[in-house]
Structures are given as structure tokens and as C-alpha cells.
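Quick notes on the structure that follows.
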Amino acid sequence: MEIDILDFVEECRHLAKQALGKHAGEPASGGFARWKHVAIHCFRREEGHSFRETENRLEYMTELLEVLDLEDGDIPDFTTLNKSFDRFKMWVWRALLRVSAQQHPQSDYVALDSTFFDRGHASAYYRTRSDRSVETLKVTTLSDTESLAVLDVQCHALWRHDTRTGPQIVRRNADDLHTVAADNGFQDWHTEYDIAAHDLDYLVHYRGSSLMATANNALIRSKRYSQRWMAETSYSTTKRSLGDAVRALDWYRQFREIVLMFAITNIESLCEPL
């Protein structure tokens, strides 16, 4: 999706301040306010720049510097940006994802689904030297079926089964949900019991063709189950826009990068298209 980059950074500035709350103005690496780092990282990932390229591009984008409340010659060094991405905890990026999703209409009808991101793209040499055998990350998303906003993300370097990740991501958001739809990969009685304990309507396809499975599947199809595929649309939009591979080398930075990518997708749909 092609968007006005100035409008995008203005949205990032507003949402970064909202996500950080009272910590927004606190200095981070290099003495720059935290919200400025978050907004710059959004710009960096949206444009697909490296840390060095980001510093160079900012030097020649006067209007963008005004939005970021920066002056010529007062631009964060690329090493400063690298350190800030390393030091900002996961709660910062989850908070940005949450507030970006809240800008969209909420239907209380969400869908669970899983996808994968390539982690071997950044450096084959590093992967070999670190004896890293897992080349893809499993990502479970919780998406609103009406607005396609991604509400929450759960990442795993080791591929945990959907019946383990599903309840975990639902528990974090149970107070804001009414109906959760998922495919049969998320179906077992432990998962159903766990989610039902939060007083949620859990629509999940049963495996097989038994009488019970057939009756249950017919019932849930009458309850808007067909909209579950919207979850696939939400993460495929992210992959088409920002790619299906992570660039960071360390696993914890890769998790933060994935959450940031989904937050950017939420923000993109709030911006003026070109």
C-alpha cells in the first residue's frame, strides 16, 4: 500500500506518545525522547532502510525532521538507533500495536491464525556460526475480522502447537473479546475449556466426519465462522507490504521486529493513500 510518508510519520508520532504514556518524553539513547526513537523505527521499517540509511535519509528530509521535532545536525546516529532498538523492551512495541489497533472500529469478533516468517534471510554466516537450526519463526495473530486490524501477536522460535499458543493470546485480550474463530489446528478439549472459562464464544472446526463434528461445524458456520479467513488477509497484507523475512540477528530483536511490522500495517491503513 502506497501512502503519504509525512502523514505516516505524523500518525507514528501521535501513537508513539500514546503508547509510551508518561515515559514518552523521557530521554533514551543519545538523549533523544523515547517517542522520537519509536517514530523513527517505524519510518525505518516502513521504508525498508538499514540503520545507516535511515540516518542518511533523515538528513535530507526537512519536513520529516519538523514532524519529529529535530533540527539539522541533531539527527540520531545510526549506532544510537541500533542501541535503542536493542534496549526498548517488548512492552513498548506491544503497546504501539495495541494503540494502533484501537484506532480501528472494533467488532469484538476476532480470528486466530498462524503464519511463518523467515529468520535466515539476514545472515547465513551468522546462522551457521551461532549453530542456529531454526530458520523460520512461528507467529500466531489475533485479528479483528471487520477492520482487519491485528490486535495481538505471539511469536515462537520453537514451533509450539496452535492449541498451546491459541489460549495464551486469547487470555491476554479476553476482556475485549466476544467471539473467537479458529481453524481445526486450534481444536482440542483443553483449548475449548480454557477459552470457554473466559465466557467467550469459541467457534472452531472439529476434525473428522463424525455426527458430532458435522453438527458442530454446521452450527458454527451459521455464526459468521466464514469470516475467519480475514485473519489470513491481515497477515498476508503485512507480508506483501513489509516482506516475510526478519532482518535482526538475535531472536529477541526478531520478535520485536515482527510486532513492529504488524503495528505498521495497522498504521498504514490510517494514513492517506497516494
Q: Might you check whether a residue that is surrounded by fewer than 16 Cβ atoms within 10 Å (Cβ to Cβ) and more than 19 Å from Leu270 (Cα to Cα) occurs anywhere in segment 3-22?
A: yes
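Given the residues Leu81, Leu15, which is the only one that is among the aliphatic types (A, V, I, L, M), part of a helix (DSSP H, G or I) and farther than 25 Å from Trp251 by Cβ? Before the answer, list the steps.
Details: Leu81 fails: farther than 25 Å from Trp251 by Cβ.
Of Leu81, Leu15, the one residue that is among the aliphatic types (A, V, I, L, M), part of a helix (DSSP H, G or I) and farther than 25 Å from Trp251 by Cβ is Leu15.
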Q) For segment 174-274, which helices (runs of 4 or more DSSP H) that fit wholly inside it have 3 or more residues that are open to solvent by 40 Å² or more (accessible area, probe 1.4 Å) and touching a residue at least 60 places away in the same chain (Cβ under 8 Å)? A) 230-242
Q: List every residue pair whose Cβ atoms sit under 7 Å apart, with the two residues 6 or more apart in sequence or on different chains, where the first one lies in segment 94-118 and is more than 25 Å from Arg224 (Cβ to Cβ) and touching a residue at least 12 places away in the same chain (Cβ under 8 Å) and the second, anywhere, is among the acidic types (Asp, Glu) and open to solvent by 10 Å² or more (accessible area, probe 1.4 Å).
A: Phe117/Asp244; Asp118/Glu135; Asp118/Asp244
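On the basis of being modelled with pLDDT of 90 or more and over 16 Å from Leu260 (Cα atoms), does Asp144 make the cut?
Values: modelled with pLDDT of 90 or more: yes; over 16 Å from Leu260 (Cα atoms): yes.
It is true that Asp144 is modelled with pLDDT of 90 or more and over 16 Å from Leu260 (Cα atoms).
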Q.
Looking at segment 28-50, I want the residues that are farther than 18 Å from Lys89 by Cβ and have a partner that is assigned to a strand (DSSP E or B) and open to solvent by less than 30 Å² (accessible area, probe 1.4 Å) with Cβ atoms under 9 Å, at least 6 apart or on another chain. Which pairs are those?
A. Glu46/Ile3
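Would you mind finding the one in Thr54, Thr79 that is more than 30 Å from Phe186 (Cβ to Cβ), surrounded by fewer than 14 Cβ atoms within 10 Å (Cβ to Cβ) and among the β-branched types (Val, Ile, Thr)? Can you show your working first?
Numbers: Thr54 fails: surrounded by fewer than 14 Cβ atoms within 10 Å (Cβ to Cβ).
Step by step, each of Thr54, Thr79 is checked, and only Thr79 is more than 30 Å from Phe186 (Cβ to Cβ), surrounded by fewer than 14 Cβ atoms within 10 Å (Cβ to Cβ) and among the β-branched types (Val, Ile, Thr).
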Q: Take segment 145-156 and flag every residue that is open to solvent by less than 30 Å² (accessible area, probe 1.4 Å) and out of contact with any His (no Cβ under 7 Å at 6 or more places or on another chain).
A: Thr145, Val150, Leu151, Asp152, Val153, Gln154, Cys155, His156
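Residues in segment 170-193: is at least one within 26 Å of Ala39 (Cα to Cα), at pLDDT 85 or above and of a type outside the set (Lys, Arg)?
First pass over segment 170-193, keeping only residues within 26 Å of Ala39 (Cα to Cα): 172-173.
From the residues that got through so far, the ones that are at pLDDT 85 or above too are 172-173.
Those still in the list that are of a type outside the set (Lys, Arg) too: 173.
The answer is yes, given that some residue of segment 170-193 is within 26 Å of Ala39 (Cα to Cα), at pLDDT 85 or above and of a type outside the set (Lys, Arg).
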Q: May I ask you to list the residues in segment 32-61 that are among the β-branched types (Val, Ile, Thr) and more than 22 Å from Leu20 (Cα to Cα)?
A: Thr54
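The values are calculated or read from the model by the stated rules, or taken from the named source; none is laboratory data. For clarity, every value in this text was computed on a predicted model and none was experimentally measured. All Cβ positions, glycine included, derive from the backbone under ideal geometry; neighbour counts span all protein chains shown. Side chains are part of the model used for accessible areas, which takes the heavy atoms of the whole protein and leaves out ligands, DNA and RNA. Shrake-Rupley method; radii C 1.70, N 1.55, O 1.52, S 1.80 Å.
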